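Chemist: Before we start, here is the structure in question, set down as structure tokens.
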Amino acid sequence: MSTSNRYRKEKNISGKVSGQGETQPPLLTGGVRLLQNVHKFRGVDWLSLSTSTTYAHKLCGVSEKKDGHINALGFSEHELRTVMGGICQRHFKPTAKSKKYGLFYELWNWTGFNAQASVAMNRPFGFAGRKCTRIDIAFDLRCDKGLSPFDVTDPLRGFYEEKGIIDGSAGEGGECRTSRYLGSKLADRRIRFYRKDLKESNWQFGPCMRIELMLRRDPANKLFAAMIRDENEGYSIAVAHIEDMCGLVLSDDVSAIPEREIVVRSSVAETMAAMVFQYGRMLDTVAECGIDLNSLLELRRETMGRATRFKDKAFLKEAHELLPADLIEQAEQSYRERL
């Protein structure tokens, strides 16, 4: 049985498509009926780029500073800038070095409506000097006025649970006003389902279900690179991500998902050196003030989530395999390499 038909019979939700006299063939699995293979809107809803200062100067050349106050951790200066399509956020003068650019990098964010023109704005500058750390792709589809996000996700439960993907909900005011999430907050891939028309009071286009793919790190960078080459290719990859995660078929135009890069995990010694390099002075000040860090660390152990505990196990195993003297020696060497 194909992915698109696998769970189609689990739930039978029928109804007329907004503005249509008869129901259309199901677009979504589970019998959920939305507009047949036609997106009312698709676009970038969020874009975050980590750039070199050289690349950032190019962005400054096609934008203007705007009055307003924003903030972001890890940077000492911030500003809003007027760009093609709206406003973006610029964060610069970082407080910690990056492995690639040292202190010569910036963070640029485009959000919501302002993000729609972000790809076209960056296309002339090529690929060098920037990395996409987050991108959200939104698909808005017409739906029945009584359709809730649960009606879309419930028939898909068997598919995404087999893949180990967790779900969650947020919001008040009934099922239609509740957002549904597939994937954890820390995951590289996450999907959000919500009724766009019920979330925005000024929405004027009738009942609408928004399906929002949120990508981070390597999947985000690869999707953005595809959109720089060809936006249609980027959207078809986004559709492929959604289908791969939960079996939901938005379109027949699907591209292969780019292979993930193999990330080399830092050693225990390198991690310790990076922590001392970035937070050493702060930790030293805390110790001078007589603050008991052990009690704070105990609180952290009690409140950390399951995913963090899993990652810590690998770290602890490697740390226990090293003799304390060897670990300190390796950490000191790694620290000197950062100077």
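Chemist: Quick check on my filter: what residues within the stretch 54-76 are part of a loop (DSSP other than H, G, I, E, B) and more than 19 Å from VAL119 (Cα to Cα)?
Modeler: Matches in the stretch 54-76: ASP67, GLY68, HIS69, ILE70, ASN71, ALA72, LEU73, GLY74.
Chemist: Limited to the stretch 99-113, what total is found for residues that are touching a residue at least 24 places away in the same chain (Cβ under 8 Å) and within 20 Å of GLU77 (Cβ to Cβ)?
Modeler: 9
Chemist: Quick one: THR51 ticks every box in (1) in a strand (DSSP E or B); (2) surrounded by fewer than 22 Cβ atoms within 10 Å (Cβ to Cβ); (3) among the polar types (S, T, N, Q) except a single one, so which number is it?
Modeler: (2)
Chemist: Taking the stretch 266-299 on its own, how many of its residues are outside any helix (DSSP H, G or I), hydrophobic (A, V, I, L, M, F, W, C) and touching a residue at least 24 places away in the same chain (Cβ under 8 Å)? Please lay out each step first, then the result.
Modeler: Restricting attention to the stretch 266-299, the residues satisfying the condition of being outside any helix (DSSP H, G or I) are 266-267, 289-292.
Subset that is hydrophobic (A, V, I, L, M, F, W, C): 289, 291.
Subsequent filtering for residues that are touching a residue at least 24 places away in the same chain (Cβ under 8 Å) retains none.
Number of matching residues: 0.
Chemist: Out of all the residues in the stretch 134-158, which are polar (S, T, N, Q) and either without any contact (Cβ under 8 Å) to a residue 60 or more places away in the chain or surrounded by fewer than 18 Cβ atoms within 10 Å (Cβ to Cβ) (or both)?
Modeler: Our first condition is that a residue be polar (S, T, N, Q); within the stretch 134-158, this holds for 148, 153.
Across the stretch 134-158, the qualifying residue is only SER148.
Chemist: Keeping to the stretch 85-119, report how many residues are loosely packed, with under 15 Cβ neighbours inside 10 Å, part of a strand (DSSP E or B) and in contact with a Ser or Thr (Cβ under 9 Å, 6 or more places away or on another chain).
Modeler: Looking only at that region, the number is 2.
Chemist: Do we find a residue being basic (Lys, Arg) and over 19 Å from GLU231 (Cβ atoms) anywhere in the stretch 66-88?
Modeler: Yes - at least one qualifying residue is present in the stretch 66-88.
Chemist: With the structure loaded, tell me whether LYS58 is at pLDDT below 95, exposed (fewer than 13 other Cβ atoms within 10 Å of the Cβ) and basic (Lys, Arg) or whether it fails that test.
Modeler: Here the answer is no, as LYS58 does not meet what is asked.
The values are calculated or read from the model by the stated rules, or taken from the named source; none is laboratory data. Quick caveat: nothing in here was measured; it's all calculated off a predicted structure. Quick reminder, even Gly has a Cβ in these numbers, built from the backbone with ideal geometry, and neighbours come from all protein chains shown.
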